[in-house]
Each structure stands twice: as C-alpha cells, then as structure tokens.
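No lab work stands behind these numbers, since they all come straight from the coordinates. Given the structure is predicted, the values throughout are model-derived calculations rather than measurements. When we count neighbours, we look across all protein chains shown, and the Cβ atoms used for this are built from the backbone with ideal geometry, even at glycine.
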Amino acid sequence: MIIAVDGPTASGKGTIAKALAAHFGLPHLDTGLLYRAVGRQVQINGGNPDDPHDALAACEFPESLLEDSSLRSEEVGGFASRVSVHPGVRHALYERQRAFALQEGGAVLDGRDIGTVIAPEAPVKLFVTASVAERARRRWLEMTGRGIDVLLAAIERDIAARDARDMNRADAPLMAAPGALVIDTTHFGRDAAIEAAIEAVQTRLG
Ligand code: DC
C-alpha cells in the first residue's frame, strides 16, 4: 500500500506521514530532505541555486549529507525550494523516490508531488494544509523554542514566498492530486490531525 502525503511547508504533513508509517507499519521517506540535500550541496559548492547546471551538479551529494542537521534550517529550505524548480533536479531525484514507493509491502512518502508525479497510482492520497499565518506561528514557536531569534513577520513572508514558488513552478507544482483528501490542520492539534489522517486511510481502504 502506497500512502502519498503532500502539502506546503509547516502544514504538519511530515508529522502525519511519520504517524501513518508507524501506525500501518510502513517505511517512510521525507522527500523534502532530498531537495534540501541538493540545496545544501549547492551552498557547499559555492554555486547558485537558480542556475540549472549548479543545481544539477549538486544532485551528486554524499549520502551522509542526509543526516546533517543543517538540512532542517529555514535557509536550506529556501535553497531546496529554489533548486526544486529545475526539471533536471526533479528528474535526477525521481528514480530514488519511485523505487522507495514501489518497494514490496508499500510505503509512506511525503512531499509536494507524491500523489501527482512520484506515485499517482497510490490508493491513498492526502493533501495536508493550513493557513500561512498558522504555519508561520508554528515555525516561529519551534525556532524560538530552539533559541533562534526570529521575527514572526519574517517567517510569514518566507513561507508565503516558498508557497508561491512551489505552487507556480512549471514542473510538478505543489497541488492536491485528483482524488486527494484535503486535511486542513489550521484548527487541529497534532493528535487530532493524526487521528483524522488514520481514519481517512482506513476509510479509503474500506
Ligand atoms: O518539505 P520541505 O519543506 O522539506 O521541502 C523543501 C523544498 O523542497 C520545498 O520547498 C520544495 C521542494 N520539494 C519538492 O519540490 N518536491 C518534493 N516532493 C519535496 C520537496
């Protein structure tokens, strides 16, 4: 069984995907991490994330980079969003994601284009979203909780810019796949959102 979980940044899709994987005993792939590794590798190479050649060269990142905590930063998230517009980068990362989705027994993948491009045949597709203001508030709480001094307004601006770039790119833009169940977590706590997702999967599977 393939479960595709798509949605914008800080929507709660990663939390939901992890919880679904644990509940149904499936392996989980956070595909955003692959784009973040490419973004970080461009930075390490001193390249320009908007340049398709620099971005493509960075797809040759070492596996160990995926474990690097720097991938979680807002700065690398922005770089990831910028490299992800290049079709060459998306193509280079496709096989790895596709193979993960097709492994025996199934898998849970979260990202932006799982239900539309990576595994359009997935029997269960979720699109997890929340308002920009709520997503910015969550990110701000998480960052200030880690002692990072940052303005809420700056985060809100970055999230809106990232959404616009992810939704308006020509290749595999962020959108709800046809037939996807939309879960809006704006007014949901973590546990309620997870419960709704588990229920949705169970309903889909009959
Ligand atoms: O989910 P995330 O914030 O870690 O993703 C970082 C960026 O990577 C996101 O802004 C766009 C890109 N991305 C993508 O284009 N396709 C995916 N399946 C996952 C992420």
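Here the gap between Val150 and Ala22, fully extended at 0.36 nm per residue and compared with their Cα-Cα distance, gives a gain of 42.8 nm. Each helix, a run of at least 4 DSSP H residues, gives -39500 (n - 2.57); summed and divided by the residues of the chain, these come to -16000 deg cm²/dmol at 222 nm. Placing unit charges on the Cβ atoms only, positive for Lys and Arg and negative for Asp and Glu, gives the chain a dipole magnitude near 260 debye about its Cα centre. The relative contact order of the chain comes to 33 percent, based on Cα pairs under 8 Å that sit 6 or more residues apart. Using a simple spin-label model with pseudo-atoms 7 Å out from Cα toward Cβ, Glu75 and Ala164 lie 2.3 nm apart.
With θ taken as phi - 60° and the Karplus curve 6.51 cos²θ - 1.76 cosθ + 1.60 applied, the whole-hertz 3J(HN,Hα) list for segment 61-69 is 6, x, 4, 4, 4, 5, 8, 6, 5 Hz, x standing for glycine and proline. Close amide H contacts of Leu126 (hydrogens built in the peptide plane, cut-off under 5 Å, sequence separation of 5 or more or a different chain): Ala4, Val5, Asp6, Leu181. If R0 is taken as 22 Å, the Cβ-Cβ distance between Leu141 and Glu67 corresponds to a FRET efficiency of 0.30. Sparse packing (at most 15 other Cβ atoms within 10 Å of the Cβ) combined with a DSSP loop state is found for the following GluC sites (Glu not before Pro) in segment 1-109: Glu60, Glu104.
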